[in-house]
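Trainee: Submitted below is the structure of interest, expressed as structure tokens.
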Amino acid sequence: MGVHGLTSFVEGNRQFFTDMRLRDCRLVIDGCSLYFRLYFNSGLDQARGGDYDTFVVLVRQFFAALSECSVQPFVVLDGGMDQTDKKFKTLQERAQSKIREANALSRGSHGCVLPLLTCEVFKQVLSELGIPLVQCISEADFEIASLAKHWGCPVLTNDSDFYIFDLKGGYLPFSSFQWNNVSGKATERYIPARHFTVNRFCSHFNHMNKQLLPLFAVVIGNDYTPAKITEVFFSRVEFERVPSGRKYGRSSSPRIEAFLLWLSQFTNPLDALDEVLEILGEQRKGTLRTQLSAGMQDYQLPHSSSLAQYFSSPQPALPDAQGLPAALVSQPEWLLRMVAAGRLSSFVLDVLVHQKVLLVAQVENSHLPSSHTSSLSIRKTIYSLLLDKARQDSQTPQGVTHRGRGRGRQSQGKGGQHCDVPCVDEYDRQELNLKKNTVEAHRPNRVPQLTLAAIDKASTQVRLQVLLGTLGVMDSVLQPLPPHLCLPVCVTYFWMNNCKPKPSHPLLQALLLGLVYGELCWRRAHPNDPLFGSKASVSVCQRLSQLRVNPGQRRGLDLGLAHVLSQWQSCMRVALFLNQLLCFPLPEPQCAWVFSGTLLHGLEAAIKGGHQCEALLAGDAVAWQLYSILFEALMGPAVSAAASRDLA
């Protein structure tokens, strides 16, 4: 959620906080806030698709700092969109804003756009480190607050709603959490932080009743409050009914301070709500009362938390069926478990619950079709797997169709029968606007039929054929490849055939070199690998890395290259989702080592400038052998000798 203007007001007033030395405790972490914060505050590349290898280092350093101070992290991630859909307008506005920011970055201006695979990279690192993690069904704020209340421990996030939740353990804003400044003697290491509690906050406003804060939040405005309520209230109250107040600091908001002081005159929230309704003066007070009361209820935390049981159980429990959206209650148990564990993207939740998805903006050429157009057929297979049950349930034995819970279009099937084809509304960029496109959930004819309920019981070969059939790849291509590079190679093959404009030879060479670079870096970091400590591998990695583009260099972006690589990332992301949904017929690759935007931009420029791939890999037979295997897998024996020489 988020209370409008509250973060700047509170953080601009030091007296609302106490200094804290964080050590020897549990810490509930808002995972989405964490990876946004780490990425955007570290000067990492945004314009060229992201530098995930550098991001991984930051994530590792963050959790190493917590470990040094004996802090036990529990990471909670957002899931899909709210099942009530009451926030969808806000989400659309944010998506439209990100389109504008991505366009600004494409022109060398300022903007903040999170690279597309950041969340997947983050989850993979946490899995490797063994950090406890759960992915919620919808927005995580309430679950985070409930868990922290149950355990009596602090929350680390960057969300102004936590200035409203009544948490004994308090709230630690990221802005003052000095994880990279671990202090104290060896046996008592701690992280300096600022600690907020609602008790201390309310004491500055005539010791107001803290139960008034939810009413404050819904009237001042959050993601769920209609802006009209806030506008009408303050247009009628600020001169007549609100005392002038006492200014708190330079960054103070007079409106927020004055409203808090005004609320402090009431002993309980019901009396204050009555007065607010009187000021609004609407004829439909009953409707407004219901609306405001529902908003206030969003801040009322239960006495226990289902996540506490999830984290403490050797066999994590399924999400509470009572809290599940209706569309998820009948879903297979394996699917719900994978969602909760973060092994299946929240993308599938939006498809199942809402039959609509918001496609993430990337830095690309806004005059060309969205980069997500290239991966459409992969998404259609995902939609078909997820929604075919809705079509089957809507048909009678006689072949007569009825509209089920899902939206669909009628089409003529075998034998002249009509059937409902499930549809998904995709919200994507069209030039510089967010537009809705309705997509039918058809999988390609070459893809075997497989129902959602049967996926976990199907053989690996059947699940693999669904994946490879979608990507248009023969399984013989996989035989010479390292297992963890099979999916990136299949995605690259699919991308080569679906990308517009078609990728150039120097770019294909750069992608292969990027995969070699990632493989060498990954293998030489593992002590049990033969390449561990290999001087030849170190030399090749250094030689390639020196060709990177400076991530801080905003001017001179090769927009054509950025657009084509955005298509590759779009294909990679949804192929990861499909592989997850099919219960991993191929090993999941380490995303941090298959794509680095600044490296690929630099390699492509170097190859165009005359560098030869063989020379760049010189001195390391393993590197050249891997490059040759990848090249052969992608280009195949049908490639002419001349083309082979060009790519080598």
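The values are calculated or read from the model by the stated rules, or taken from the named source; none is laboratory data. Just so it is clear, the model here is predicted, and its values are computed rather than measured. With ideal geometry, Cβ positions are generated from the backbone for all residues, glycine too; neighbour counts draw on all protein chains shown. The accessibility values were calculated without ligands, DNA or RNA, using every heavy atom of the protein model including side chains. Shrake-Rupley method; radii C 1.70, N 1.55, O 1.52, S 1.80 Å.
Trainee: Per-residue HN-Hα couplings for the stretch 443-453, Karplus 6.51 cos²θ - 1.76 cosθ + 1.60 at θ = phi - 60°, whole Hz, x for Gly and Pro?
Mentor: Values, residue by residue: 9, x, 4, 6, 8, x, 6, 8, 8, 4, 5 Hz.
Trainee: Compute the FRET efficiency between N268 and H484 as 1/(1 + (r/R0)^6), taking r as their Cβ-Cβ distance and R0 = 45 Å, and round to the nearest 0.05. Before the final figure, lay out the partial values.
Mentor: Numbers: r = 60 Å, r/R0 = 1.32.
So, using R0 = 45 Å, E works out to roughly 0.15.
Trainee: Of K89/K500; K86/K436; K86/K123, which sit over 25 Å apart, Cα to Cα? All intermediate terms of the calculation are to be shown ahead of the outcome.
Mentor: Details: K89/K500 31 Å; K86/K436 18 Å; K86/K123 28 Å.
The pairs that break the limit, which is 25 Å between Cα atoms, are K89/K500; K86/K123.
Trainee: Classify the stretch 437-525 from the C-alpha gyration tensor, please: rounded if a/c falls under 1.5, else prolate or oblate depending on whether a/b exceeds b/c.
Mentor: Values: a/c = 2.44, a/b = 1.40, b/c = 1.75.
Since a/c reaches 1.5 but b/c is at least a/b, the shape of the stretch 437-525 is classed as oblate.
Trainee: Just subtract the alpha-carbon distance of E188 and T290 from 0.36 nm times their residue separation and send over the number in nm, one decimal.
Mentor: Values: separation 102, 0.36 × 102 = 36.72 nm, distance 5.06 nm.
That works out to 31.7 nm of additional length.
Trainee: Now for a separate question. Could you tell me how many degrees, from 0 to 90 and to the nearest 10, lie between the Cα long axis of helix 254-263 and the main elongation axis, the longest principal axis, of the Cα atoms of the chain?
Mentor: Approximately 50 degrees, to the nearest 10.
Trainee: Okay, next question. Could you give the length gained on full extension between N180 and Q625, defined as 0.36 nm per residue of separation minus the Cα-Cα distance, in nm?
Mentor: On the way: separation 445, 0.36 × 445 = 160.20 nm, distance 4.04 nm.
Gain on extension, N180 to Q625, equals 156.2 nm.
Trainee: Of the DSSP beta bridges with both residues in the chain, give the percent that are antiparallel, rounding to the nearest 5.
Mentor: Working: 24 of 41 bridges.
Around 60 percent of the beta bridges assigned by DSSP in the chain are antiparallel ones.
Trainee: Same structure again: Classify the stretch 186-239 from the C-alpha gyration tensor, please: rounded if a/c falls under 1.5, else prolate or oblate depending on whether a/b exceeds b/c.
Mentor: Working: a/c = 3.76, a/b = 2.24, b/c = 1.68.
It comes out prolate by the Cα gyration axes.
Trainee: Taking a temperature of 4 °C and a viscosity of 1.567 mPa s, what whole-number D in µm²/s does Stokes-Einstein yield for the chain with Rh from Kirkwood over alpha carbon pairs?
Mentor: On the way: Rh = 27.0 Å.
This corresponds to a translational diffusion coefficient of 48 µm²/s.
Trainee: For the chain, what is the accessible area per residue in Å², given a 1.4 Å probe and the full set of protein chains? Before the final figure, lay out each step's value.
Mentor: Working: 27530 Å² over 648 residues.
Counting only protein heavy atoms, the per-residue value for the chain is 42 Å².
Trainee: Rounded to the nearest 10 Å², what accessible area does K123 have for a 1.4 Å probe in the complete protein model?
Mentor: 20 Å²
Trainee: With label points built 7 Å along Cα→Cβ from the Cα atoms of E278 and A615, find their separation and express it in nm.
Mentor: Each label point lies 7 Å from its Cα, and together they span 8.4 nm.
Trainee: For the stretch 1-67, what does the alpha-carbon gyration tensor say about shape, rounded, prolate or oblate, given a ≥ b ≥ c as the root eigenvalues, a/c under 1.5 as rounded, and a/b over b/c as prolate?
Mentor: Oblate shape, in that a/c is at least 1.5 and b/c is the bigger or equal ratio.
Trainee: Arrange the peptides 576-583, 452-459 so that the one whose residues have, on average, the most other Cβ atoms within 10 Å appears first. Could the numbers behind the result be given before it?
Mentor: Details: 576-583: 21.5, 452-459: 14.4.
In decreasing order of mean packing, 576-583, 452-459 become 576-583, 452-459.
Trainee: Heavy atoms only, probe 1.4 Å: what % of the accessible area of the chain goes to carbon and sulfur, would you let me know?
Mentor: Details: 13710 of 27530 Å².
Percent of accessible area from carbon and sulfur atoms in the chain: 50.
Trainee: Return the whole-Å distance between the Cα centroid of the stretch 154-188 and the Cα centroid of the stretch 337-379.
Mentor: Comparing the Cα centres of the stretch 154-188 and the stretch 337-379, I get a distance of 32 Å.
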